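J.: Below is one structure. I have some questions about it.
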Amino acid sequence: MGGEITAVEPTQSAGLDLKIHDPVSQVPPAESGLQSARNDSARVRLYPLHNTDAAETSEMLARSADFHRDWVTYPTSLDQVAAFIARSADDGMLILGIRRPSDNILVGIVTLCRIAREPWLTAECGAAVDVRHRGKGYMAEGMRLLVRFAIDELGLHRVEALVRPENVRSAHMLTSAGFRIEGIARGAVRIQDSWVDHVRWAITAEDLAIIRRDALVEERG
Ligand SMILES: CC(C)(COP(=O)(O)OP(=O)(O)OC[C@H]1O[C@@H](n2cnc3c(N)ncnc32)[C@H](O)[C@@H]1OP(=O)(O)O)[C@@H](O)C(=O)NCCC(=O)NCCS
C-alpha cells in the first residue's frame, strides 16, 4: 500500500442526502465537508454522481457491459442509468464516479449500499471499471478513496464487500485497498436463480489506522 490517497470532490447534488441513515445524513453534499484532505499526486478523484453524469455513465456502462456481465449487473441505457442515479438516495445507495483529474474522464464507479447505522456503522461496497481503463490501477486507487471517505467522512467503522471466489480482479483490487478476507458468506447472492456463495471481505477503521501509520513510517524512511 502506498502513501495516503485522499481526494473526494464536493458535489452540487442533493441526491446523497440519505436522511434515514445516521452516517450518511451527516454528509453535507454541497459543502466542502465532503472533501477529504487533498493529495495532488492522486491519479483519480471521487465525485458523487448526479443526473448530469447520467449520459457519460450510461455510455461507460454500456461499452463495458460484456466485461462486467459475469460479475455485476448495472443498468446501461440512458433512461435506466438516470433512474438508477435519481433513485439511489431512496435506495440507500451512494454512487461515486471515479474521474481522472488530468482530463476529467470517468474511469469507473464505486458504490456504497446497505449502509447501517449504530451499532453496526458498516456498508457494502461495489465497483465497476470502464473497460477502456481496466487494469491501470485506477479502481484500486478509487477503492482506497472510497474507504477513506466512508470511514473519515461518513463515520463508518467498516466497509465490506461480497465477491465471488473466482473474481480475481476484484480480489486484487480489494487487497490493494487494504481489505482482508473474513470468510465465506454461503448462498449470499441469487444469480440466475441460484444462491451463490461469496467471499466476505472487509476493512475496518482500525485497519485503516494501521495502514496510515505504516505509510507514515515508510515516508519517514
Ligand atoms: C473489479 C474491477 C473494478 C477492478 O478493476 P481493474 O481496472 O482491474 O482494477 P485495477 O487496475 O485498479 O487493479 C487492481 C489490482 O488488481 C490487479 N489486477 C488487475 N487485473 C488483474 C488480473 N486480470 N489478474 C490479476 N490481477 C489483476 C492490479 O494489478 C491491481 O493490483 P495492485 O494494486 O496490487 O497492482 C474490474 O475488474 C471490474 O469492473 N470488474 C467487473 C465488475 C466487478 O467484478 N466488480 C466488483 C464486484 S465486488
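J.: Using alpha carbon centroids, what distance separates region 75-150 and region 184-221, in Å?
T.: Centre-to-centre (Cα) distance: 16 Å.
J.: With every protein chain left in place and a probe of 1.4 Å, what is the accessible surface of Phe179, to the nearest 10 Å²?
T.: 10 Å²
J.: Using amide H atoms built 1.01 Å from N in the peptide plane, name the residues 5+ places from Val107, or on other chains, whose amide H lies under 5 Å from its own.
T.: It is Ile98, Arg99, Arg100, by chain and number.
J.: Per-residue HN-Hα couplings for region 192-204, Karplus 6.51 cos²θ - 1.76 cosθ + 1.60 at θ = phi - 60°, whole Hz, x for Gly and Pro?
T.: Working through the residues one at a time gives 6, 6, 10, 7, 10, 5, 10, 7, 9, 10, 7, 9, 10 Hz.
J.: In whole percent, and with a 1.4 Å probe on the protein chains, what portion of the accessible area of region 53-199 is carbon and sulfur?
T.: Whole-percent figure for carbon plus sulfur exposure: 49.
J.: Please work out the average accessible area per residue across region 141-204, using the 1.4 Å probe convention, and give it in Å².
T.: Each residue of region 141-204 exposes 48 Å² on average to a 1.4 Å probe.
J.: Under the classification rounded if a/c is under 1.5, otherwise prolate if a/b is larger than b/c and oblate if not, where does region 88-197 fall, given a ≥ b ≥ c as square roots of the Cα gyration tensor eigenvalues?
T.: Note, shape of region 88-197 comes out oblate.
J.: Give me the 1.4 Å probe accessible area per residue for region 85-129, excluding ligands and nucleic acids, in Å².
T.: 41 Å²
J.: Across region 73-81, in residue order, what do the Karplus-derived ³J(HN,Hα) couplings come to in whole Hz, using 6.51 cos²θ - 1.76 cosθ + 1.60 with θ = phi - 60° and x for Gly and Pro?
T.: Those phi angles translate into 10, 10, x, 10, 6, 4, 4, 5, 5 Hz.
J.: Please turn the phi angles of region 177-186 into ³J(HN,Hα) values with the Karplus equation 6.51 cos²θ - 1.76 cosθ + 1.60 (θ = phi - 60°), one per residue in order, whole Hz, x for glycine and proline.
T.: Result, rounded to whole Hz: 8, x, 6, 10, 6, 10, x, 9, 8, 6.
The values are calculated or read from the model by the stated rules, or taken from the named source; none is laboratory data. Since the structure is predicted, the reported quantities are computational estimates derived from the model, not experimental observations. Just the protein is used for accessible areas: all its heavy atoms, side chains included, with ligands, DNA and RNA removed. Shrake-Rupley method; radii C 1.70, N 1.55, O 1.52, S 1.80 Å.
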